[in-house]
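**Q** Take a look at this one; I'll ask things after.
The values are calculated or read from the model by the stated rules, or taken from the named source; none is laboratory data. What you see is a predicted model, and the numbers here were worked out from it, not measured in a lab. Note: ideal-geometry Cβ built from the backbone for every residue, glycine included; neighbour counts use all protein chains shown.
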Amino acid sequence: MSIWLQNTKSKLYNAFLLQFIPLRVYGLYPFNGWPRHVYDIYAMIMYVILIVPVPILASIYVGKLLSSSNGSINMVEISDSLMVITEMGVNIFKYLDLKLHPNSIKKTMDWLNFPLFNNFDKRQERMIEQAYDFCRKFYFLFFLSCCSTLLTWASKSLFSNNRKFPVEIWLPFDPYENSFVYYFLHLYIFLSATNTVFCNSALDTLITGLIYQAAIQVRIIKSTVANLQAIADEKLLKPDGILSLEPAMKATKKNNIIYGEIARCVRRYGQVKRFVADIEDVYSFALFSQFAISVLLICFQCLQLSIVEPLSYRFFYIITTLITTTSEVFMYCYAGSLIYNETLSLNSDLYISNWLDLDLKCQKALIIIMEYGKHPFIIRAGKLVDLSLDTFTLIIRRSYSLLAILQNYN
């Protein structure tokens, strides 16, 4: 199990251990102990075999179908194929940079083992527990949603009277004549789809969880500043002889403790800022690819809902797919809004703290944190699109606009 799971003392890091399993299998996160060049080769083999062929062959099939339709188009079949092509095809671009740099994900994960990120008191331990539970449960729920979509998609071909693949692909021969060839290709298409489902569920919740962890670190800073006096009093009461000091020396000692806590908050904020910058740098292209294609995906799924028979098997399949797709976009936008709002409210939270009771040196130290708070963290997909709930609303509106155009065309 050592090549699969690397259990550390950091609860922040251990919250993502389950995501590492599919990411390692499909070549997005290095196995423990593997030489780098060996895993790079393995990652590219998995990319070329499982990600690239199916959407390309399905696109060729749709192109040939449209060119030979003579004005008669089966919109159900076309929209179904286009939906699968966009969902699986986006991974060609979404995973490419991560495949070329398999250690880039590990770079963002290493932040969670930093000593300062794991420095918290009993008041803040509950926040860490909440972050741990959020990352684990959120992955489990989204994984179940993706698996339900995969199973309904893969099994819909079983309800056909003739042999059919879950998504039709172009081949230079007839794959239906030989049973072995048919079942082999059916299995290959299913395995290619599992790459999309397992990797997307792991990667999407990993990115969302990392952003959530960054927001928790900002909350810890707020908690520390709000309880500076209590923290200092607790440290003064420790059995180290401090109680015997003169009142003036005791006050000086208390101010030094408070100043040290503020200085630690400044360092923590600086590390959180670099952590968020690394998240944006590593996952920016993957996020942009997902956002760009989500407009088409939601549009195709709504188009299918408008033309399929209500309460049919295909209807429920499209519903599960639509829920998964919108959830995938929403989780990113929610996490981006969370980290933005946490840093945006930093100055107001500092202002309502008992900063007037601090000495001048501590007050000046707080100004450094307040200067940081003037620039809230904004994570952008592709350095262009903000991760925010406003962006989620925009994606839904654009999908509806495109759907209206396609319905008028039909």
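**Q** Of the conditions (1) in contact (Cβ under 8 Å) with a residue 40 or more places away in the chain; (2) assigned to a loop (DSSP other than H, G, I, E, B); (3) in contact with a Lys or Arg (Cβ under 9 Å, 6 or more places away or on another chain), residue 31 fails just one. Which one is it?
**A** Of the numbered conditions (1) in contact (Cβ under 8 Å) with a residue 40 or more places away in the chain; (2) assigned to a loop (DSSP other than H, G, I, E, B); (3) in contact with a Lys or Arg (Cβ under 9 Å, 6 or more places away or on another chain), the odd one out for residue 31 is (1).
**Q** If you don't mind, there's one more thing I want to ask. If you go through the stretch 143-154 one residue at a time, do you hit one that is without any contact (Cβ under 8 Å) to a residue 40 or more places away in the chain, in a helix (DSSP H, G or I), within 20 Å of residue 79 (Cα to Cα) and not hydroxyl-bearing (Ser, Thr, Tyr)?
**A** Yes; the residues of the stretch 143-154 include at least one that is without any contact (Cβ under 8 Å) to a residue 40 or more places away in the chain, in a helix (DSSP H, G or I), within 20 Å of residue 79 (Cα to Cα) and not hydroxyl-bearing (Ser, Thr, Tyr).
For (1) assigned to a helix (DSSP H, G or I); (2) within 30 Å of residue 12 (Cβ to Cβ), each residue gets a yes or a no:
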{"position": "116", "(1), (2)": "no, yes"}
{"position": "141", "(1), (2)": "yes, yes"}
{"position": "156", "(1), (2)": "yes, no"}
{"position": "168", "(1), (2)": "no, no"}
{"position": "173", "(1), (2)": "no, no"}
{"position": "190", "(1), (2)": "yes, no"}
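**Q** Further, regarding this structure: Give the residue that is modelled with the lowest pLDDT, with candidates limited to residues of the stretch 2-27 that are part of a loop (DSSP other than H, G, I, E, B), under 20 Å from the mean Cα position of the chain (by Cα) and among the aromatic types (Phe, Trp, Tyr).
**A** The qualifying residue modelled with the lowest pLDDT is 26.
**Q** Among the residues of the stretch 34-58, which ones are within 23 Å of residue 167 (Cβ to Cβ), among the β-branched types (Val, Ile, Thr) and part of a helix (DSSP H, G or I)? Explain how you work it out, then say what you get.
**A** Within the stretch 34-58, the subset within 23 Å of residue 167 (Cβ to Cβ) is 45-58.
Then drop every residue that is not among the β-branched types (Val, Ile, Thr), which leaves 45, 48-49, 51-52, 54, 56.
Passing the criteria: 45, 48, 49, 51, 54, 56.
**Q** Still on this structure, I have one more. Take the residues in the stretch 387-410 that are of a type in the set (Gly, Ala, Ser) and out of contact with any helix residue (DSSP H, G or I) (no Cβ under 7 Å at 6 or more places or on another chain), then tell me which one is modelled with the highest pLDDT.
**A** So, considering only residues that are of a type in the set (Gly, Ala, Ser) and out of contact with any helix residue (DSSP H, G or I) (no Cβ under 7 Å at 6 or more places or on another chain), the one modelled with the highest pLDDT is 401.
**Q** Exactly one condition in (1) crowded, with 20+ Cβ neighbours inside 10 Å; (2) without any contact (Cβ under 8 Å) to a residue 40 or more places away in the chain; (3) under 30 Å from residue 101 (Cα atoms); (4) not basic (Lys, Arg) is false for residue 277; which is it?
**A** In the conditions (1) crowded, with 20+ Cβ neighbours inside 10 Å; (2) without any contact (Cβ under 8 Å) to a residue 40 or more places away in the chain; (3) under 30 Å from residue 101 (Cα atoms); (4) not basic (Lys, Arg), residue 277 misses (1) alone.
**Q** Pull up the stretch 190-216, narrow it to residues that are polar (S, T, N, Q) and in contact with a Leu (Cβ under 6 Å, 6 or more places away or on another chain), then point me to the one that is nearest to residue 337 (Cα to Cα).
**A** In the first step, residues of the stretch 190-216 are kept if they are polar (S, T, N, Q); the result is 192, 194-196, 200-201, 205, 208, 213.
Okay, now just the ones that are also in contact with a Leu (Cβ under 6 Å, 6 or more places away or on another chain), so 192, 195, 213.
Values: 192: 33, 195: 29, 213: 13 Å.
Once the filter is applied, the top-ranked residue is 213.
**Q** With respect to residue 281, is the statement that it is under 30 Å from residue 396 (Cα atoms), acidic (Asp, Glu) and either modelled with pLDDT of 90 or more or not in a helix (DSSP H, G or I) (or both) true?
**A** yes
**Q** Let me ask you something else. Just a yes or no: is a residue in the stretch 119-138 modelled with pLDDT under 90, surrounded by 13 or more Cβ atoms within 10 Å (Cβ to Cβ) and charged (D, E, K, R)?
**A** Yes, the stretch 119-138 contains a residue that is modelled with pLDDT under 90, surrounded by 13 or more Cβ atoms within 10 Å (Cβ to Cβ) and charged (D, E, K, R).
**Q** Which count do you get for residues in the stretch 253-269 that are of a type in the set (Gly, Ala, Ser) and without any contact (Cβ under 8 Å) to a residue 12 or more places away in the chain?
**A** Selection size over the stretch 253-269: 1.
**Q** A follow-up question, please. What about residue 63, is it among the small types (Gly, Ala, Ser), assigned to a helix (DSSP H, G or I) and surrounded by fewer than 14 Cβ atoms within 10 Å (Cβ to Cβ)?
**A** Yes, satisfied.
**Q** List the helices (runs of 4 or more DSSP H) inside the stretch 312-410, counting only whole elements, that have at least 1 residues being of a type outside the set (A, V, I, L, M), in contact (Cβ under 8 Å) with a residue 40 or more places away in the chain and in contact with a Phe, Trp or Tyr (Cβ under 8 Å, 6 or more places away or on another chain). Break it down stepwise before answering.
**A** Details: elements: 313-344, 346-351, 360-373, 389-409.
So the answer is 313-344, 360-373, 389-409.
**Q** Here is a follow-up. In the stretch 363-399, what residues are farther than 29 Å from residue 204 by Cβ and of a type in the set (Val, Ile, Thr)?
**A** 367, 368, 369, listed by residue number.
**Q** Going through the stretch 85-113 one residue at a time, which ones are farther than 15 Å from residue 288 by Cα, surrounded by 15 or more Cβ atoms within 10 Å (Cβ to Cβ) and hydrophobic (A, V, I, L, M, F, W, C)?
**A** Passing the criteria: 85, 88, 105, 109, 111, 112.
**Q** A follow-up question, please. Among what's in the stretch 195-242 and is touching a residue at least 60 places away in the same chain (Cβ under 8 Å) and over 24 Å from residue 117 (Cβ atoms), pick the residue that is surrounded by the fewest Cβ atoms within 10 Å (Cβ to Cβ).
**A** Across the stretch 195-242, the extreme among qualifying residues is 229.
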